[in-house]
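Everything on this sheet refers to the single structure shown next.
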Amino acid sequence: MVNSPNPKSFVYTRKTLSRAERALICSPFRLKLFRDMQSQSIPQGAIATVNGVQQGYTQVSLSGLRCDNALGWLIEVGVLRREVDGQGITDRFRLTPLGRQLVEKFAHQPWTRASWGDRLQDAITRWLRLPSI
């Protein structure tokens, strides 16, 4: 269930949830970024380079391109979306209902570390761009 004026319940397949969770834990981002995204949109400039480390969003400094690629993958799997304003697409990111559901899950259990198998499966899925059925 999503907290909004018009509550809607989204039901996702087990495969979709598994792929999205794997993409989330394999990403270079820390849980703090996604928790902050629950209440506000975050600009890419706050996530990339040393800003991300200073904010607690990443463990290591990410180049703008690497950050954009990682955020793009999380958009493709349905965890994030780009913010849109009157001028069009912005450089700000928010959680989707799927992303909110996963972040809520991690509020009640520890942030899982990605295994080598998770990383390999995420890389293959990313490379082949396998759809979730």
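FYI, it's all coordinate maths here, none of it is from the lab. A quick note: this is a predicted structure, and the numbers were derived from the prediction, not measured. When we count neighbours, we look across all protein chains shown, and the Cβ atoms used for this are built from the backbone with ideal geometry, even at glycine.
Note on Glu104 and Val50: the extension gain reaches 16.7 nm, defined as 0.36 nm multiplied by sequence separation minus the Cα-Cα distance. The longest stretch of the chain left intact once loop-based trypsin sites (Lys or Arg not before Pro) with at most 12 other Cβ atoms within 10 Å are removed from consideration, loops following DSSP, is 9-112. Report relative contact order for the stretch 39-133 in percent, whole number only (criteria: Cα-Cα under 8 Å, sequence separation at least 6). Relative CO of the stretch 39-133 lands at 20 percent.
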